[in-house]
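A short write-up of the structure that comes next.
The values are calculated or read from the model by the stated rules, or taken from the named source; none is laboratory data. Not measured: the values here are computed from a predicted model. Cβ placement follows ideal geometry from the backbone for every residue including glycine, while neighbour counts extend to all protein chains displayed.
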């Protein structure tokens with residue numbers, strides 16, 4: 001990267017995330033936001049919300065985003081990068097439209113977006129781009145001058161994202177009893193999505209069984225498993241598995257589920273399992289409930305020792321990676337040659353989502369891509 005920490009032409013970074021309730025009274029309204037347009041009855045949402053009520057109606061995701069926001073601001077300041085960082089959510093306060101309105105009123109004209117999803121998929125990329133388009137349309141209707149918005153590339157294979165996860169798996173293995181440690185299996189977990197959404201994830205030329213979503217996760221799992229072998233001398237068995245399914249039973253979703261996988265590995269004689277949630281940037285509700293509560297209960301039922309490794313959260317290596325990605329994209333926009341930082345077989349992701357990338361079931365405008373209506 002260039003010696004000078006130059007973010008021009010960008011004048012702000014927007015941390016864009018999912019959002020979550022911050023108290024019991026927020027749970028159903030939050031879920032109404034998440035499921036808007038699907039016609040789900042309020043009583044059903046109360047049932048779904050039981051996961052949140054177990055934790056006092058509070059999702060940890062907002063505090064984790066506050067921590068990441070503070071860490072990014074500190075990292076930028078410590079390295080002389082003069083770039084303000086804002087935060088907006090898809091489904092809860094601070095809402096994206098309100099944050100973008102504040103950014104426009106603060107005079108921000110070129111905005112980079114960091115989504116808290118590292119991989120290609122409709123829900124992890126294009127839907128955020130649709131949210132951006134919706135917010136820009138709302139600001140346009142208010143008569144505000146619209147900023148130009150770009151999105152940082154997928155960072156699943158950036159070393160600053162990978163290294164904290166490698167360290168987390170190593171620490172989890174080290175915490176297992178010595179007599180089961182070397183035989184431990186690693187279950188790399190991510191959010192299950194419909195097979196159809198996986199198959200169409202990523203650029204059109206990458207579509208196929210599992211699409212870019214599965215390919216990228218497999219690449220990350222292989223990188224972590226290789227690093228663990230190199231640092232411990234032990235070749236642990238591993239598999240990519242899924243969690244947090246929420247769709248109708250008749251629609252095929254990615255499998256196997258983590259709890260089913262624990263049963264299968266236990267029956268096969270595996271002495272212990274490390275669950276590594278590589279699909280999640282932070283320890284939000286899917287991690288706390290589906291892994292720390294449900295999957296650990298299944299393991300206890302089986303008498304199977306398990307550990308759950310940490311997500312990257314606000315790790316300094318991750319914030320440094322974001323700084324690197326910001327400088328990389330800024331240099332590209334200035335027409336300078338850069339060598340993007342990426343490990344593994346897939347190489348760096350595209351800077352601009354191409355037409356047809358991670359398509360929606362019903363076409364909707366999406367900003368910050370080749371098909372954006374807001375150039």
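Among the residues of the stretch 291-335, count how many are under 24 Å from residue 75 (Cα atoms) and not in a helix (DSSP H, G or I).
Of the residues in the stretch 291-335, 7 are under 24 Å from residue 75 (Cα atoms) and not in a helix (DSSP H, G or I).
Considering only the stretch 255-264, state which residues are touching a residue at least 60 places away in the same chain (Cβ under 8 Å) and either outside the structural domain of residue 209 (by TED's automatic domain parsing) or surrounded by fewer than 22 Cβ atoms within 10 Å (Cβ to Cβ) (or both).
Within the stretch 255-264, 255, 257 qualify.
How many residues, within the stretch 183-199, are over 15 Å from residue 239 (Cα atoms) and in contact with a helix residue (DSSP H, G or I) (Cβ under 6 Å, 6 or more places away or on another chain)?
Within the stretch 183-199, residues that are over 15 Å from residue 239 (Cα atoms) and in contact with a helix residue (DSSP H, G or I) (Cβ under 6 Å, 6 or more places away or on another chain) number 3.
Which is free of Cβ contacts under 8 Å to residues at least 60 places away in the same chain and either closer than 27 Å to residue 328 by Cα or in contact with a strand residue (DSSP E or B) (Cβ under 8 Å, 6 or more places away or on another chain) (or both), of 90, 73, 44, 38?
So the residue among 90, 73, 44, 38 that is free of Cβ contacts under 8 Å to residues at least 60 places away in the same chain and either closer than 27 Å to residue 328 by Cα or in contact with a strand residue (DSSP E or B) (Cβ under 8 Å, 6 or more places away or on another chain) (or both) is 73.
Could you tell me which residue of the stretch 137-167 is surrounded by the most Cβ atoms within 10 Å (Cβ to Cβ), considering only residues that are in contact with a strand residue (DSSP E or B) (Cβ under 7 Å, 6 or more places away or on another chain) and more than 24 Å from residue 339 (Cα to Cα)?
Result: 147.
Spot the failing condition for residue 338; the list is (1) farther than 29 Å from residue 80 by Cα; (2) modelled with pLDDT under 95, and only one is missed.
For residue 338, the failing item is (1).
Going by the conditions given, is residue 9 under 25 Å from residue 132 (Cβ atoms) and modelled with pLDDT under 95?
Judged against the criteria, residue 9 is not a match.
So how many residues does the stretch 269-293 have that are more than 20 Å from residue 18 (Cβ to Cβ) and in contact with a strand residue (DSSP E or B) (Cβ under 9 Å, 6 or more places away or on another chain)?
Counting residues in the stretch 269-293 that are more than 20 Å from residue 18 (Cβ to Cβ) and in contact with a strand residue (DSSP E or B) (Cβ under 9 Å, 6 or more places away or on another chain) gives 7.
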